[in-house]
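Below is one structure, written out as structure tokens; the observations come after it.
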Amino acid sequence: MNPFSSGTRLRDMIRAIRSCKTAAEERAVVRKECAAIRAAISENDQDYRHRNLAKLMFIHMLGYPTHFGQMECLKLIASSGFPEKRIGYLGLMLLLDERQEVLMLVTNSLKQDLNHSNQYIIGLALCALGNICSAEMARDLAPEVERLLQFRDPNIRKKAALCSIRIIKKVPDLAENFINPAASLLREKHHGVLITGVQLCTDLCKVSSEALEYFREKCTEGLVKTLKDMANSPYAPEYDIAGITDPFLHIRLLKLLRILGQGDADASDCMNDILAQVATKIESNKNAGNAILYECVGTIMSIEDNGGLRVLAINILGRFLSNRDNNIRYVALNMLMKAITVDAQAVQRHRATILECVKDSDASIRKKALDLVYLLVNESNVKPLTKELIESLEASDQEFKGVLTAKICSLVEKFSPEKIWYIDQMLKVLSEAGNFVKDEVWHALIVVISNASDLHGYSVRALYRAFQTSTEQETLVRVAVWCIGEYGDMLVNNVGMLDIEEPITVTESDAVDALEVSIKRLNSDLTTKAMALIALLKLSSRFPSCSERIKDIILQNKRSFVLELQQRSIEFNCILQKHQNIRSALVERMPVLDEATFSGRRAGSLPTSVSTSTGTARNLPNGIAKPAAAPVADLLDLSSDDAPAPNSSGGDFLQDLLGVDLSPASAPPGTSQPPKAGTDVLLDLLSIGTSPPAQSSSSASNILSSIQDDKTSLVNLNGLASLTSLSPNATSASPAPMMDLLDGFGPSPQKKEENGPAYPSLVAYESSTLRMTFNISKQPGNPQTTLIQAIFTNLSPNVYNDFLFQAAVPKFLQLHLDPASSNTLPASGNGSIIQSMKVTNSQHGKKSLVMRIRIAYKINSKDVLEEGQVSNFPRDL
């Protein structure tokens, strides 16, 4: 016989395929066999039809196309014999799926077989229908399946229940037809039928509220009784697994009880006793028992409140955490994360065990335990938990340090009780894992140190000690360099010593040594070296005895291949040699960085399609992630693209330059300094032209401090070489020359820009309690950009607190939202909140502006949310 004829046995074909040495040989064998099967199909060979279909199924499992054999399945199903029907239905389930149109041709055969007198043929039809049933087939055959739920044979009832599950998933409207038959299955003694009946009831409850109410009212007590009988049943060898009677049925019953008890106090009370019995009686030394306990805990946490049961459930999860099986510990941590929203105090009792899991060797358990610890932290336990996490950081591997560092920094920032504790913890993190700390974290640390005037000496001494032992941590070196540059004299003179400090002796030469080391380190990056150069320039004024050495160190970078370092070296050397008269003013300490403004900028660094901003820092609830902030590459925000408002004065340039609010530091309270007309802002900052010499100190220091930008050097200090020829006492009658930052001095153009087109005020949103008005303007020469000033007015007699405005725009628009003027809106129109935004329309002239808005605020500690859409913008925007 030809080995590839249609009469070849299945085993011979399998043997021939397995004997192939290469994939090409296998494809050749399959092609020849498929050709022989096609020939047999075209000849209508009935003797070997079932054998050919069996071969096709094997070829299909190897991944080759077998669509040409689909009709053979239907022919075998239509035959009268059981063996042919069995192969036909098996081929139908393998070679076809519910998306095949040819499947509609088998509906009539299925209907006949569901009414067949042979129960085995009925079982074949039910298996096929339960696997490939489509919505059309479900509607046509649902009555037959419903009738078979009452069939005399338990195996048919079981298969009919499984088939019913697929039918109600495909056509939820048919659920009501299966409610009563499903309820009758819950009284079955046969475990196979009972478990399928429970699953059918579970799925009915998910798709039909009517079924949920029916089972909750009629079947809850019966299910509780069934579960109690199983929990107390004697040994039954046919259902026993690890000493537990049918754990699979236990789990299905608990899942159904969870659905019935959720949101219903009466049903929950009915099942409290049996849940307590299962939780206490089931042994946890076997996987089967652990599975039942896990589902029992899930049911207890989902039903209505019962404090004692929930404590029992969380204690079970605590026992799971001590299990040696990693899977059990993982699911316990996962469940505890859900339980913390229900009973946080009970979860807190297992804090020590959870912290041990943070040190686990399994990466997934460490990550999940860390997430849980993060949710456990509050104001009362932040200190001990942070201490434990930092100890874990010291022993953690490199892959986990990044995640752990981010969590610790977030917790310290969110729950810090005092600034000295915040500084101490951040120094520990920087010393241990500084290379994993993000830029915005160490920027925030510098802002905090800048604001803590009584801790300047303590901070610089602590950083100097840490620098001596952890020079490989890049971010620690940066913060230390910045502090030594700003407060180096405090370090040397031991200013502001605290009782908790140990005395330290640091000479001026030691401080310069530290900065020199940070420059010459092989692994120091450009930002660190640039910051160290600026720190050296600042110390040259404060440490006169070391000025020559500082000059030599700076000159070493004069021929650096890195343009940024070369430029700074040349500029700073120019200051040291030729501008002694203004050096002390240039290198004064930076003004205090405003924490609220810095926090507002971090919160405002969101994607432009959805912007969120508020005037003050908002404390988000524990467990809710803060809005993702874009990386802050520049501490001083020199690279910010925020444009000043059109009506801003010239004095606001410095505020925009440094990215901080300097109004309290630059002028005494109650005084104002209007800008001088006709005088360039930079010249005024450097006290050149009409500005008096006494004002040059802090302004020039601010300009020099701004050079700490790690991307660009904004001010070219080489241009200062010709400043000595200018009289600092020039009168205001003569206009000051315009300084070109790249080309020295030139004439000061006094051009007045034309105003953009004017637009009337627009009431963008109005409700019975709130009105939002838009004042719209255009930037001259930039028709795509629209400047909008939003004015919010309170129409109610109540004060609105924690006021927050959010906006979202389509993809063709870009939105930048500035911080609001306040987060408190006075009542009855006795004041307003003003917030500016900038919208860039990439489809200008084709599509007009449109915006969705959301306004949130609190009235008497109650949250209120208003939403709307603004689409009445002028069409030329």
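Read-outs throughout are calculated quantities, based only on the coordinates presented, and are distinct from any laboratory measurement. It should be emphasised that the depicted structure is a prediction, and the values quoted were computed from it without experimental measurement. So basically every Cβ, Gly included, is an ideal-geometry build from the backbone, and we count neighbours across all protein chains shown.
Between ASN115 and LYS225, the contour length at 0.36 nm per residue exceeds the Cα-Cα span by 36.1 nm.
Distance between the pseudo-spin-label points of ASP802 and GLN566 (7 Å out from Cα toward the beta carbon): 5.5 nm.
Mean separation of Cα pairs under 8 Å and 6+ residues apart, divided by the residue count of the range 158-268: what relative contact order is that in percent? Spell out each step's value before the answer.
Working: 105 pairs, mean separation 28.1, N = 111.
Reported relative contact order: 25 percent.
Inter-part distance, the range 291-317 to the range 53-107, computed on C-alpha centroids, equals 48 Å.
Using a/c under 1.5 as the rounded threshold, could you call the range 413-602 rounded, prolate or oblate? The axes a ≥ b ≥ c are square roots of the C-alpha gyration tensor eigenvalues, and prolate needs a/b larger than b/c, oblate otherwise. Don't skip to the end; give the middle numbers.
Details: a/c = 1.60, a/b = 1.43, b/c = 1.11.
Prolate shape, in that a/c is at least 1.5 and a/b is the bigger ratio.
May I ask you to compute the full-extension gain from TYR64 to ARG38, defined as 0.36 nm times their residue separation minus their alpha-carbon distance, rounded to one decimal in nm?
On the way: separation 26, 0.36 × 26 = 9.36 nm, distance 1.44 nm.
That works out to 7.9 nm of additional length.
Between VAL403 and LYS21, the C-beta separation translates, for a Förster distance of 35 Å, into a calculated FRET efficiency of about 0.10. Computed from the C-beta positions of ASN180 and ASN782 and an R0 of 56 Å, the FRET efficiency is 0.20 to the nearest 0.05.
Can you work out the FRET efficiency for the pair GLU98 and SER861, with r the C-beta to C-beta distance and R0 = 51 Å, to the nearest 0.05? List each step's numbers first, then the result.
On the way: r = 54 Å, r/R0 = 1.06.
The calculated FRET efficiency here is 0.40.
Which GluC sites (Glu not before Pro) in the range 452-558 pass both tests, a DSSP loop state and at most 15 other beta-carbon atoms within 10 Å?
On the way: sites: GLU472, GLU474, GLU486, GLU501, GLU508, GLU516, GLU548; in loops: GLU472, GLU501.
Answer in residue order: GLU472, GLU501.
ILE292 sits among other residues whose Cβ lies under 12 Å from its own Cβ, and their net charge, with Lys and Arg +1 and Asp and Glu -1, is +1. Charged neighbours of ASP113, selected by a Cβ distance under 13 Å, balance to +2 (K, R count +1; D, E count -1).
Going by a ≥ b ≥ c, the root eigenvalues of the Cα gyration tensor, does the range 758-870 fall in the rounded group (a/c under 1.5), the prolate group (a/b larger than b/c) or the oblate group?
On the way: a/c = 2.36, a/b = 1.96, b/c = 1.20.
Cα axes put the range 758-870 in the prolate bin.
Compute the Cα gyration tensor for the range 326-419, then decide on rounded, prolate or oblate, letting a ≥ b ≥ c be the square roots of its eigenvalues: rounded whenever a/c is under 1.5, prolate when a/b is larger than b/c in the other cases, and oblate in all that remain. It is oblate, given that a/c is not under 1.5 and a/b is not larger than b/c.
Would you kindly state how much longer the chain becomes between PHE151 and ASP173 on full extension, computed as 0.36 nm times their sequence separation minus their alpha carbon distance, in nm to one decimal?
On the way: separation 22, 0.36 × 22 = 7.92 nm, distance 2.37 nm.
Fully extending the segment from PHE151 to ASP173 adds 5.6 nm.
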